[in-house]
Amino acid sequence: MGETRAGADRRVARDRALYVEIVIDAPLETIWSLTQTPEHHVRWDARFSAIRPTRVRADGSQEFRYELDLGFHTIRGTGVSLGERSSRSGERTSALAFDTADRWSPLGAGRGYWRYIPTAHGVRFLTGYDYAPGWGRLGSLLDPLVTRRFVWWLTARSFDRLRLWAEEGVPPERTVWWRALLPGRRPRARASRCLSRPPHRSGRAIMQNAPDALSGLAA
């Protein structure tokens, strides 16, 4: 017997995958370049300090190594991504799988996607991703209370840094978090400008909206 609507709603309500969406009033090609070029990506995305491509697979997917500098330690991991441009509607997608054996990382293996959806008001740039918590039992306890909420905020604030760069030409270096503590008027990136859930209920979990390419990726 198929799942009832009420059952689907309860499943979606329990969905712990992260979702971040923002509308960027800039050309799709600009957003694509700022997100798909590693040198640009690390400038606005606070989840990475470095992304180094290593090998292109036969299917066109790109393997890479990533780093996140914490000051006292640098988390290192590996990943693979595949960007796709073909769509009658002009929509583009990018799928990602990542993993790390670093014991300092609060995130273990994970998978996610980006969607670029052109609209009359700009490009809906959104992500959905999920991961296994790091740090063993402690990480599993902290994840729903602290880690997952912080990772959402970090991702959302990064998306707004991207928006400011693409729309207004504000370099991401001008919107790092500590600059918000300085007095005076200056561009400020805000996580609150992003959605944390899809705007339209579909009865589908966040990761069920991933592009087909994600199913074939392994970090």
Exercise. Can you give me the P(r) profile for region 134-179? Cα pairs, bins 10 angstrom wide beginning at 0, each as a whole percent.
Key: 26, 34, 23, 15, 1
Self-check item: Alpha-carbon spread of region 112-219, three principal axes, descending order, Å
Solution: 44, 41, 28
Quiz item: Can you tell me the accessible area per residue over the chain, all protein chains present, probe 1.4 angstrom, in square angstrom?
Solution: 56
Exercise. In Å³ and rounded to a whole number, note down the convex hull volume per residue for the Cα atoms of the chain.
Key: 156
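Calculate what fraction, in whole %, of the accessible area of the chain sits on carbon and sulfur atoms when a 1.4 Å probe is rolled over the protein chains.
Here carbon and sulfur together make up 54 percent of the probe-accessible area.
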Quiz prompt | Over region 14-119: Kirkwood hydrodynamic radius from C-alpha pairwise inverse distances, Å | solution = 15.2
Quiz item: So what are the ³J(HN,Hα) numbers for region 124-141, from phi and the Karplus equation (6.51, -1.76, 1.60; θ = phi - 60°), rounded to whole Hz, Gly and Pro as x?
Solution: 6, 9, 9, 9, x, 7, 9, 7, 8, x, x, 6, x, 5, 4, x, 5, 6
Quiz item: Just 96, 145, 162 to compare: in a GNM of the chain, with alpha carbon springs under 10 Å, which one fluctuates most?
Solution: 145
Practice problem: Kindly provide the helix-only [θ] at 222 nm of the chain, computed as the sum of -39,500 (n - 2.57) over DSSP H runs of four or more divided by all residues, to the nearest 500 deg cm²/dmol? | Solution: -7000 deg cm²/dmol
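The values are calculated or read from the model by the stated rules, or taken from the named source; none is laboratory data. From a predicted model like this one, the values you see are computed outputs, not experimental measurements. Heads up: the accessible areas ignore ligands, DNA and RNA and are worked out on the full protein's heavy atoms, side chains in. Shrake-Rupley method; radii C 1.70, N 1.55, O 1.52, S 1.80 Å.
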